[in-house]
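Comments concern the structure below.
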Amino acid sequence: MDLRNYFNPERKQIFVFDDVYGKYMLEQQKKETWYTLSNELYTILHKKTVKIVLSCRTHIFKQVKKDDILCRNVCNMLSDEHLLTVDERILMVDKYLPADVSACLQLTDYFSKYDFSPLLCKLSSNISSEDINKLFSNPVDFIKLDLHYAGVE
């Protein structure tokens, strides 16, 4: 519906949609909705003033027909080709953390372990050095514990 409501052929636009087929499993209703809109999508994309960026989790994407309009150009962000390099991780960590904390973190074996470094950096911007090490070494447990203490479960 956002495409219909906000599409303007006179302007360059980009639309971003997350988890287009569902977050945890393939939701047939979402798939059918996108299929129903496929003719409109072709028309909109044909104008060449619009880009549409969609995300879909790998296990869900594997269940979708590859000739689906949403699958025209695919970029697997977890492929070796697209993973953050060590230099990119360092630049990111340096932006969010003090130099001494960043330097210590880079010496650990878990510095490049997780694929969600941007999230870890963002979460670490207002916590102690000790908690930063806990966050980067075991992010899932750290976040669960943090949510527990915040009363969110």
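The values are calculated or read from the model by the stated rules, or taken from the named source; none is laboratory data. Treat the numbers as computed from the prediction; the structure is a model and nothing was measured. Cβ placement follows ideal geometry from the backbone for every residue including glycine, while neighbour counts extend to all protein chains displayed. Side chains included, ligands, DNA and RNA excluded: accessible areas come from the protein's heavy atoms. Shrake-Rupley method; radii C 1.70, N 1.55, O 1.52, S 1.80 Å.
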**OP:** Determine the gain in length on full extension of the stretch LEU54-LYS122; use 0.36 nm per residue of separation and subtract their C-alpha separation, reporting nm with one decimal.
**Re:** 22.2 nm
**OP:** Could you tell me what percent of the accessible area of the chain is made up of carbon and sulfur, with a 1.4 Å probe and every protein chain present?
**Re:** 54
Original post:
Is segment 1-96 best put as rounded, prolate or oblate by its Cα gyration tensor, with a ≥ b ≥ c the root eigenvalues, rounded for a/c under 1.5, and otherwise prolate when a/b is larger than b/c, oblate when not?
Top reply: oblate
Subject >> Pairs from LYS31/LYS62; LYS30/LYS51; LYS23/LYS48; LYS12/LYS122; LYS23/LYS62 whose Cα-Cα separation, in the structure shown, is over 25 Å >> reply: LYS23/LYS48; LYS12/LYS122
Original post:
Rounded, prolate or oblate: which fits segment 42-153, taking a ≥ b ≥ c as square roots of the Cα gyration tensor eigenvalues, rounded meaning a/c under 1.5, else prolate when a/b beats b/c?
Top reply: prolate
**OP:** List the residues whose amide H sits under 5 Å from the amide H of GLN13, counting only those 5 or more places along or on another chain, with H placed 1.01 Å from N in the peptide plane.
**Re:** VAL50, LYS51
Original post:
Taking 0.36 nm per residue of separation and subtracting the Cα-Cα distance, what length does fully extending ASP109 through LEU45 add?
Top reply: 18.6 nm
**OP:** State, to one decimal in nm, how far the label point of MET25 lies from the label point of ASP131, with both points 7 Å from Cα in the Cβ direction.
**Re:** 3.6
Original post:
For segment 92-153 and segment 13-30, what is the separation of their Cα centres, given in Å?
Top reply: 28
Subject >> Rounded accessible area of LYS30 (nearest 10 Å², 1.4 Å probe) >> reply: 80
**OP:** With θ set to phi - 60°, apply the Karplus curve 6.51 cos²θ - 1.76 cosθ + 1.60 along segment 136-142 and write out the HN-Hα couplings as whole Hz, x wherever there is a Gly or Pro.
**Re:** 6, 7, 8, x, 5, 5, 4
